[in-house]
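Undergrad: Here you go, one structure.
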Amino acid sequence: MKNKICVLGSTGSIGTQTLEVARKFKTKITALAANKNITLLENQIREFKPFFAAVYDENLAKKLKEKVKDTNTKILSGIEGLCEVASLSSTEIVVTAVSGMIGLRPTLCAINTKKDIALANKETLVVGGDLVLNEAKKNGVNILPVDSEHSAIFQCLQSCKDKKDLKKLILTASGGPFFGKTKDELKNVTIKDALNHPNWKMGAKITIDSATMMNKGLEIIEAMHLFDTSLDKIDVIVHPQSIIHSMVEYVDGCILAQMGIPSMKAPIAYALTYPHRKNSGVKPLDFTKYPSLSFHKPDNETFEAMKICRKAASLGGTATTILNAANEEAVNLFLKEKIKFLEITELVKKALESFKINKISSLEDILETDKKTREFISKQI
Ligand code: NDP
Ligand code: MG
């Protein structure tokens, strides 16, 4: 059990649920970080009394500093502030729950200062999977999945003694708010429709990703890196009830599934207590409330995002950085009502077709590709 936790993205959906778990476990919070929500961050500082807090927005960091000057929490700002709070010597594990690839640098800082990572921030692995995992290996740190599917697979792999015994990883997908719809029906969907996820209450970016199915595509790439598995051994099945959080198929035909009610507190708690378990307050599954669980093939023609992600992952190098940056920008444009829903995936496809794919030799290659791709997308409208 890790007792000293830093939470990056503490004001978001995963961040606040992590703090609920920490409250229950009575764990020490060493540091917090957010982007703009200094009202909630101030409350968190007063309750959890971290040594440090970082606010990405410089002006809001100054405001927060003034507000909490009666406390002992030191306020930092910008990406340097995030990196500094991720590197504190008093921290044992860093929960990476910021949204987007902005989490990459702080995650690398945490790894290089030998903290275990409870990873929610999947974009970091999508853009920098090889880099992050190499650094983790070099520094002897664990990357513990928080994403519910990956936590499920990680749990189902605990009894796997030999990788040769593995046949496939099966990621479940709820299908999102538009499951069963045709492309024609998706042409004019609104932001409100797309944000209306049937099973999960999450931040806006991942909720839109779930509606386009880009989230599942990003999760395929995340699984490829986390479990060092080839793409052809990663399947996706739509399971609208989100009770089975994912599965592992072994060569003898046996399939292990991890089940529970849809709650992110369970995977968060497992990442913090691994290899042990502790009651995080998640209600056990009452099977009689779910008399039927259903499973469907994903519709890869209507929702092309998964195909695009597999393609980018097989190209390797900067392809997944282009994919991610284009998607982050396109989702932003959709949320600002500048583009239509189906254009999100179209823009990602266009970006991938427009850039030469290069090898990644350093963090700078990733940051440079990310910047150029974002500029490209903003020029498209
Ligand atoms: P939210 O939008 O709810 O929260 C994002 C958090 O990141 C907020 O605390 C936000 O701060 C902070 N943040 C954003 N940008 C910056 C920045 N530049 N610097 C510092 N902090 C920043 O997102 P979620 O919690 O839903 O998702 C977080 C991550 O977890 C994503 O990568 C997502 O894919 C992953 N994930 C989420 C799941 C969920 O159930 N929510 C499930 C599985 C994975 P502020 O509030 O100030 O803007
Ligand atoms: Mg997930």
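Every number here is computed from the coordinates shown, using simple stated rules; none is lab data. Since the structure is predicted, the reported quantities are computational estimates derived from the model, not experimental observations. With ideal geometry, Cβ positions are generated from the backbone for all residues, glycine too; neighbour counts draw on all protein chains shown.
Undergrad: Once you have the Kirkwood Rh of the stretch 1-67 from its Cα pairs, apply Stokes-Einstein at 20 °C and 1.002 mPa s and quote D in µm²/s.
TA: The Stokes-Einstein estimate is 182 µm²/s.
Undergrad: In the stretch 94-180, if every C-alpha pair distance is counted and binned at 5 Å from zero, what percent goes to each bin?
TA: Reading the bins upward from 0: 3, 13, 20, 20, 19, 13, 8, 3, 1, 0.
Undergrad: May I pose another question? How about the chain: what cysteines have no other cysteine beta carbon under 4.7 Å from their own?
TA: Cys6, Cys156, Cys160, Cys254, Cys309
Undergrad: A further question on this structure: Step through the table entries Lys24/Lys201; Lys307/Lys379; Lys265/Lys379; Lys340/Lys371, compare each Cα-Cα distance with 31 Å, and write down the pairs that go over it.
TA: Over 31 Å Cα-Cα: Lys265/Lys379.
Undergrad: Would you mind classifying the stretch 315-381 by shape? Square roots of the alpha carbon gyration tensor eigenvalues, ordered a ≥ b ≥ c; an a/c under 1.5 is rounded, otherwise it is prolate if a/b is larger than b/c and oblate if not.
TA: Prolate, because a/c is 1.5 or more and a/b exceeds b/c.
Undergrad: If I take the Cα coordinates of the stretch 261-361 and project them onto the principal axes, what are the three extents in Å, biggest first?
TA: Computed over the stretch 261-361, the largest-to-smallest principal extents equal 50, 35, 29 Å.
Undergrad: Take every Cα pair under 8 Å in the stretch 90-135 that's 6+ residues apart, average their separations, divide by the length, and report that relative contact order as a whole percent.
TA: 44
Undergrad: Order by neighbour count: Met214, Met259, Met306, fewest other Cβ atoms within 10 Å first, most last.
TA: Placing the least packed residue first, the sequence is Met259, Met306, Met214.
Undergrad: I need to check one value: relative contact order of the stretch 241-377, counting alpha carbon pairs closer than 8 Å and at least 6 residues apart, in percent.
TA: 18
Undergrad: For Lys283 and Gln158, what does the FRET efficiency come to when R0 = 25 Å and r is the distance between their Cβ atoms, rounded to the nearest 0.05?
TA: Calculated transfer efficiency: 0.60.
Undergrad: By how many nm would the segment from Asp57 to Lys340 lengthen if fully extended, with 0.36 nm per residue of separation less the alpha-carbon distance?
TA: 99.0 nm
Undergrad: May I pose another question? Send over the Kirkwood Rh of the stretch 129-177, from the inverse of the averaged 1/r over different Cα pairs, rounded to one decimal Å.
TA: 13.0
Undergrad: On to the next question. Restricting attention to the alpha-carbon atoms of the chain, what are Rg (one decimal) and Dmax (integer), both in Å?
TA: So, for the chain, Rg and Dmax equal 20.1, 62 Å respectively.
Undergrad: Taking 37 °C and 0.692 mPa s as the conditions, I'd like the Stokes-Einstein D for the stretch 1-139 in µm²/s, using the Kirkwood hydrodynamic radius from alpha carbon pairs.
TA: 226
Undergrad: Could you identify which residue out of Leu367, Leu131, Leu293 has the top mean-square fluctuation in a GNM of the chain using Cα springs shorter than 10 Å?
TA: Judging by the Gaussian network model, the answer is Leu293.
Undergrad: A further question follows. Tell me, what are the semi-axes, in whole angstrom and largest first, of the equivalent ellipsoid of the stretch 190-330 as set by the roots of 5 times the Cα gyration tensor eigenvalues?
TA: 26, 20, 17
Undergrad: Let me ask something else. Students often get this wrong: which residues of the stretch 159-177 have the backbone nitrogen under 19 Å from the point 7 angstrom along Cα-to-C-beta of Tyr250?
TA: 159-171
Undergrad: Could you name the aspartates and glutamates whose alpha carbon sits less than 13 Å from that of Lys205, not counting residues in the same chain fewer than 8 places away?
TA: Those aspartates and glutamates meeting the cut-off are Glu123, Glu328, Glu329.
Undergrad: May I pose another question? Between Met259 and Glu375, what's the calculated FRET efficiency when r is the beta-carbon distance and R0 is 35 Å? Round to 0.05.
TA: 0.20
Undergrad: Let me ask another. Expressed in nm to one decimal, what extension gain is obtained for the pair Asn199 and Thr16 from 0.36 nm per residue of sequence separation less their Cα-Cα distance?
TA: In short, 64.1 nm is gained.
Undergrad: In addition: Enumerate the residues in the stretch 105-122 having an amide nitrogen under 17 Å from the point lying 7 Å beyond the Cα of Ile79 toward its Cβ.
TA: The answer is 105-112, whose backbone nitrogens lie closer than 17 Å to the label point.
Undergrad: Further, regarding this structure: Taking the Cβ-Cβ separation of Leu133 and Lys69 as r and a Förster radius of 51 Å, what is the calculated FRET efficiency to the nearest 0.05?
TA: 0.80
Undergrad: Kindly provide the helix-only [θ] at 222 nm of the chain, computed as the sum of -39,500 (n - 2.57) over DSSP H runs of four or more divided by all residues, to the nearest 500 deg cm²/dmol?
TA: Per the formula, -14000 deg cm²/dmol.
Undergrad: Excluding same-chain pairs closer than 8 in sequence, count the lysine pairs in the stretch 48-155 whose Cα atoms lie under 21 Å apart.
TA: Here the count comes out as 18.
Undergrad: Tell me, what is the percent relative contact order of the chain, built from C-alpha pairs under 8 Å that lie six or more residues apart?
TA: 15
Undergrad: Still on this structure, please answer the following. Apply the Kirkwood formula to the stretch 59-134: the hydrodynamic radius equals the inverse of the mean of 1/r over all pairs of different alpha-carbon atoms; give it in Å with one decimal.
TA: The answer is 13.2 Å.
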